[in-house]
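Trainee: Mind looking over this structure? Questions follow.
The values are calculated or read from the model by the stated rules, or taken from the named source; none is laboratory data. Because the structure is a prediction, the values reported are computed rather than measured. Here the Cβ positions follow ideal geometry from the backbone for every residue, glycine too, while neighbour counts run over all protein chains shown.
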Amino acid sequence: MEIIHLSAECYPVAKVGGLGDVVGALPKYQNRLGHFSKVVMPAYHNKFMQENEFEVVYDSWCNLGQKGYSVRILREKTNKLGFDLFLVHIPGLMDRENVYGYGDDTERFITYQIAVLDWINQWEHQPDVIHCHDHHTGLVPFMTANCERYKRLSTIPTVLTIHNAQYQGQFGWDKLDYLPAFDLWKSGLLEWRHQINPLAAAIKCAWKVTTVSPSYLDEISYQANGLESLLASERGKSAGILNGIDNEVWDTSKDPMLVKPYNIRTSDSGKKANKADLCAVFNLDPTKPLFTFIGRLVGEKGADLLPEIFHNSLAHSHGNINILVLGSGDPVVEARLEQLKNWFPGNYNVYIGYNEKLSHQIYAGADFLLMPSRVEPCGLNQMYALRYGTIPIVRRIGGLKDTVVDIGDGGFGICHDQTSVGDVGHAIGRAYGLFQDVKRIKEIRKYIMQLDHSWDRAAQQYIDLYQM
């Protein structure tokens with residue numbers, strides 16, 4: 001089976017969040033099952049582009065309304081990611097360092113989608129499945145089904161995976177002429193709340209719709225930023241498939257980013273060595289429990305509450321805990337987290353920004369990982385933490401609910417029901433009590449490091465879905 005994954009992100013080419021991790025791993029595991037899985041994504045002007053070799057496989061022109069753009073599709077020569085990687089190079093639109101955040105993002109991603117379909121349209125054969133990830137590729141199922149230019153592609157099954165329904169890519173009807181010609185009677189397939197909505201269009205037009213965890217499929221029926229009724233009506237073609245993690249990237253015994261790699265047998269000494277190094281860098285005491293938060297500093301992640309939660313916990317613990325934050329996002333939250341360093345030197349620190357190597361070091365060195373999310377479609381951080389023997393403290397929502405069981409229920413993590421200062425503070429208190437039980441902590445660490453959250457099972461579930 002030949003599978004084409006379309007995505008704005010793919011680790012290690014370009015990553016902003018979990019979408020990049022998923023698209024960087026799923027195709028590799030599908031190939032190991034005997035299939036031919038590829039990724040086609042935009043070519044950004046970034047480190048990966050500059051450090052690797054490519055060959056041109058397609059050289060053409062793409063129209064976007066009244067404008068035209070040169071398009072080249074490049075193939076990475078060495079297959080270093082474990083699958084064929086194709087980058088869509090569009091000078092003037094995609095040749096920028098960042099993935100998102102530009103005023104013409106609508107134009108950028110529509111042109112990318114049209115360029116991909118123009119390329120596939122001139123193939124002598126057809127792929128078996130086109131798998132679209134989030135709204136940046138959401139117009140593809142509509143265009144293959146309805147645009148005259150792509151009539152020969154209309155029999156190719158399309159699958160949409162919703163990684164986060166809060167982001168939908170809406171834009172005005174004044175940009176309708178960006179799309180290749182189609183029967184205007186079909187315009188309703190594009191519309192949601194009086195705008196063109198790529199995510200809504202994909203939900204309507206894709207042959208199958210998936211979410212990145214079973215619980216998130218249930219939750220979007222009442223929390224999907226206005227798409228609740230649409231998702232309910234399309235529930236019959238929808239499935240929740242829990243994301244996995246790449247066990248080769250996240251392998252404590254071989255991770256080159258760690259000061260001291262370790263396995264289940266050497267987890268005590270390994271985590272102790274990594275914690276000592278981490279605490280030395282950030283001026284923390286390695287004898288105290290280390291709590292950490294890794295992620296985007298935005299409301300979805302509950303980050304707006306972190307300054308108050310951390311202030312209260314540090315003040316009430318009388319210096320008996322450490323907290324380390326890695327992330328970026330809301331400037332106000334960033335500033336408040338920075339200020340806490342003045343209040344609690346020696347017990348608290350923060351790194352504002354994104355640092356892949358540091359994230360691995362924190363998973364290895366921390367005792368507890370905080371995820372007080374308001375929205376968490378799947379969550380990968382808790383799975384990385386488990387793999388590295390770090391106990392997750394999570395809100396019962398989305399994929400967190402599907403992957404973490406509270407110690408009070410015979411499980412291995414600490415769970416709370418609400419994203420609130422009180423709930424999270426109480427959870428931190430429970431974790432502090434658990435930390436005092438050295439024997440139990442060691443038992444939990446060894447247990448969680450053996451949990452299997454690899455992509456093997458999820459990759460097969462997607463193959464089964466395609467074959468349907």
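Trainee: Please count how many residues of the stretch 302-331 are modelled with pLDDT of 95 or more and over 24 Å from GLY379 (Cβ atoms).
Mentor: Matching residues across the stretch 302-331 total 6.
To keep it simple, each residue is scored yes or no on (1) in a loop (DSSP other than H, G, I, E, B); (2) free of Cβ contacts under 8 Å to residues at least 60 places away in the same chain.
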| position | (1), (2) |
| --- | --- |
| LEU74 | no, yes |
| ASN79 | yes, yes |
| ASP95 | yes, yes |
| VAL99 | yes, no |
| ILE114 | no, no |
| TRP119 | no, no |
| PRO127 | yes, no |
| LYS151 | no, yes |
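Trainee: Going through the stretch 194-212 one residue at a time, which ones are over 21 Å from the mean Cα position of the chain (by Cα) and assigned to a strand (DSSP E or B)?
Mentor: GLN195, ILE196
Trainee: Taking MET468 as meeting all but one of (1) touching a Lys or Arg at 6+ places or on another chain (Cβ under 8 Å); (2) farther than 16 Å from ASP367 by Cα; (3) surrounded by 17 or more Cβ atoms within 10 Å (Cβ to Cβ), write down the number of the exception.
Mentor: So the condition that MET468 fails would be (3).
Trainee: Right, next: Would you please name the residue that is farthest from ALA366 (Cα to Cα), looking only at residues in the stretch 264-279 that are in contact with an Asp or Glu (Cβ under 9 Å, 6 or more places away or on another chain) and not hydrophobic (A, V, I, L, M, F, W, C)?
Mentor: Ranking the candidates gives LYS271 first.
Trainee: Residues of the stretch 403-420 being among the aliphatic types (A, V, I, L, M), out of contact with any Pro (no Cβ under 9 Å at 6 or more places or on another chain) and either modelled with pLDDT under 95 or not in a helix (DSSP H, G or I) (or both), which ones?
Mentor: Residue satisfying the conditions is VAL405 alone.
Trainee: For the stretch 153-165, which residues satisfy the criterion of being crowded, with 16+ Cβ neighbours inside 10 Å and either assigned to a loop (DSSP other than H, G, I, E, B) or at pLDDT below 95 (or both)? I'd like the intermediate steps shown before the answer.
Mentor: First pass over the stretch 153-165, keeping only residues crowded, with 16+ Cβ neighbours inside 10 Å: 153, 156-165.
Within the stretch 153-165, ILE156, PRO157, HIS163, ASN164, ALA165 meet the criteria.
Trainee: Can you name the number of the only condition in (1) more than 26 Å from ASN197 (Cβ to Cβ); (2) among the hydroxyl-bearing types (Ser, Thr, Tyr); (3) within 20 Å of the chain's Cα centre (by Cα); (4) not in a strand (DSSP E or B) that TYR44 fails?
Mentor: It is condition (1) that TYR44 fails.
Matching residues to (1) closer than 17 Å to VAL116 by Cβ; (2) assigned to a strand (DSSP E or B); (3) out of contact with any strand residue (DSSP E or B) (no Cβ under 9 Å at 6 or more places or on another chain):
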{"position": "PRO12", "(1), (2), (3)": "no, no, yes"}
{"position": "ASP21", "(1), (2), (3)": "no, no, no"}
{"position": "ASP59", "(1), (2), (3)": "yes, yes, no"}
{"position": "GLY68", "(1), (2), (3)": "yes, yes, no"}
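Trainee: Also, quick follow-up: Filter the stretch 370-379 down to the residues that are modelled with pLDDT of 95 or more and aliphatic (A, V, I, L, M), then identify the one that is surrounded by the fewest Cβ atoms within 10 Å (Cβ to Cβ).
Mentor: Only one residue fits best here, namely MET371.
Trainee: Another question, then. Check LEU434, LEU358, LEU380, LEU400 and return the single one that is under 17 Å from SER267 (Cβ atoms) and outside the structural domain of THR211 (by TED's automatic domain parsing).
Mentor: It is LEU434.
Trainee: Another question, if that's okay. If I go through the stretch 433-461 residue by residue, how many of them are under 20 Å from ILE3 (Cα atoms) and surrounded by 19 or more Cβ atoms within 10 Å (Cβ to Cβ)?
Mentor: 3
Trainee: What is the residue count in the stretch 354-367 for residues that are surrounded by fewer than 24 Cβ atoms within 10 Å (Cβ to Cβ) and in contact with a strand residue (DSSP E or B) (Cβ under 7 Å, 6 or more places away or on another chain)?
Mentor: Number of matching residues: 5.
Trainee: Which one of these is in contact (Cβ under 8 Å) with a residue 60 or more places away in the chain, farther than 22 Å from ASP218 by Cα, out of contact with any Lys or Arg (no Cβ under 7 Å at 6 or more places or on another chain) and among the hydrophobic types (A, V, I, L, M, F, W, C): ILE428, ILE444?
Mentor: Every option except ILE428 fails the conditions.
Trainee: Could you check how many residues of the stretch 252-271 are surrounded by 15 or more Cβ atoms within 10 Å (Cβ to Cβ) and touching a Pro at 6+ places or on another chain (Cβ under 9 Å)?
Mentor: Final tally of qualifying residues: 3.
Trainee: Determine if the stretch 203-216 includes at least one residue that is at pLDDT 95 or above, of a type in the set (Lys, Arg) and within 27 Å of CYS10 (Cβ to Cβ). Let's see the steps before the verdict.
Mentor: Residues of the stretch 203-216 at pLDDT 95 or above: 203-216.
Still in the running and of a type in the set (Lys, Arg): 204, 208.
Now restrict to residues that are within 27 Å of CYS10 (Cβ to Cβ): 204, 208.
Among the residues of the stretch 203-216, at least one is at pLDDT 95 or above, of a type in the set (Lys, Arg) and within 27 Å of CYS10 (Cβ to Cβ), which makes the answer yes.
Trainee: Please determine, by comparing only the residues of the stretch 1-19 that are farther than 21 Å from PRO141 by Cβ and either surrounded by fewer than 22 Cβ atoms within 10 Å (Cβ to Cβ) or outside the structural domain of ARG72 (by TED's automatic domain parsing) (or both), which one is modelled with the lowest pLDDT.
Mentor: For the stretch 1-19, the residue satisfying everything is GLY17.
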